Amino acid sequence: MNGIFPIEIRKFVEARLGEQAWPEIVRSAEVRPRLYVPVADYPDQEIAALLSAVSARTGDPIPVILEAMGEFIVPDLISMVPTFIRPGWKTLDMIANTEEAIHEVLRHAGTNTNPPKLMCRWAGSHEVVVTYTSPRKMCTLAKGIIRGIAKYYGEQVAITEPTCMLRGDAACQLHVTVI
Ligand code: HEM
């Protein structure tokens, strides 16, 4: 996974638990201490071990941590790709355009970064339906990112998830409505 994720896990831990907590998380995750950089990719197992250690430390299940993290990382995600984001966009435009304007571009950036395929369709002027599939099954991260984008644009969203890979469905469907 792209270095932005372990970097953000560290920032998230330090913001929530204090700076001293990071070396403890790394120790209990049993991963080699290292400085993560955004242009590199790191093994998914290492990210999973860090998330499990955060979960053990806070008592929150991993999906809850991923959702909170998704919201937390949006300002940094946006600052990663400022020129890909059109000035007139609001929450739903940003979500509906992420696949072509951002994820697809990052897939061809010459690294192993491989963001999930998001299939998005407008269902009226106030709703976008996102179909998410990924072997990583991180739909809760997606929900957090959506909430973070809404916060960034000063809007409120409601999200329903009629199908979910974590409940055994083939894909997660996120219905996102601006309220
Ligand atoms: C500024 C906007 C965004 C940027 C710059 C961005 C960038 C990235 C990057 C770099 C990754 C790591 C992929 C890897 O290392 O293989 C990623 C993963 C991911 N992104 Fe995005 N993303 C953005 C918006 C979104 C939105 C709007 C959603 C959901 C609606 C989303 C959902 C996800 C999920 C769930 C993952 C986790 C990996 C997976 O599921 O396989 N992202 N994104």
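Bear in mind these aren't lab numbers, they're just calculated from the coordinates by the rules spelled out. In this text, all values refer to a predicted model and were calculated from it rather than measured experimentally. Heads up, the Cβs are rebuilt from the backbone with ideal geometry, glycines too, and the neighbour counts pull from every protein chain shown.
Here are the numbers:
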| item | result |
| --- | --- |
| Of all residues making up the stretch 119-148, the number that are touching a residue at least 60 places away in the same chain (Cβ under 8 Å) and either among the small types (Gly, Ala, Ser) or touching a strand residue (DSSP E or B) at 6+ places or on another chain (Cβ under 9 Å) (or both) | 7 |
| Top-ranked residue of the stretch 17-33 - restricted to ones that are out of contact with any helix residue (DSSP H, G or I) (no Cβ under 6 Å at 6 or more places or on another chain) and surrounded by 15 or more Cβ atoms within 10 Å (Cβ to Cβ), ranked as farthest from residue 71 (Cα to Cα) | 26 |
| Residue within the stretch 11-19 that is away from the ligand (no atom under 16 Å from the Cβ), among the small types (Gly, Ala, Ser) and within 23 Å of residue 116 (Cα to Cα) present | no |
| Complete set of residues in the stretch 91-119 that are hydrophobic (A, V, I, L, M, F, W, C) and within 15 Å of residue 3 (Cα to Cα) | 106, 109 |
| Test: residue in the stretch 103-114 that is surrounded by 14 or more Cβ atoms within 10 Å (Cβ to Cβ) and more than 10 Å from the ligand (Cβ to nearest atom) | no |
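Each row is one residue, and each column tells you yes or no for (1) within 30 Å of residue 101 (Cβ to Cβ); (2) over 15 Å from the mean Cα position of the chain (by Cα).
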{"site": "19", "(1), (2)": "no, yes"}
{"site": "27", "(1), (2)": "no, yes"}
{"site": "30", "(1), (2)": "no, yes"}
{"site": "36", "(1), (2)": "yes, yes"}
{"site": "54", "(1), (2)": "no, yes"}
{"site": "58", "(1), (2)": "no, yes"}
{"site": "75", "(1), (2)": "yes, no"}
{"site": "78", "(1), (2)": "yes, no"}
{"site": "87", "(1), (2)": "yes, yes"}
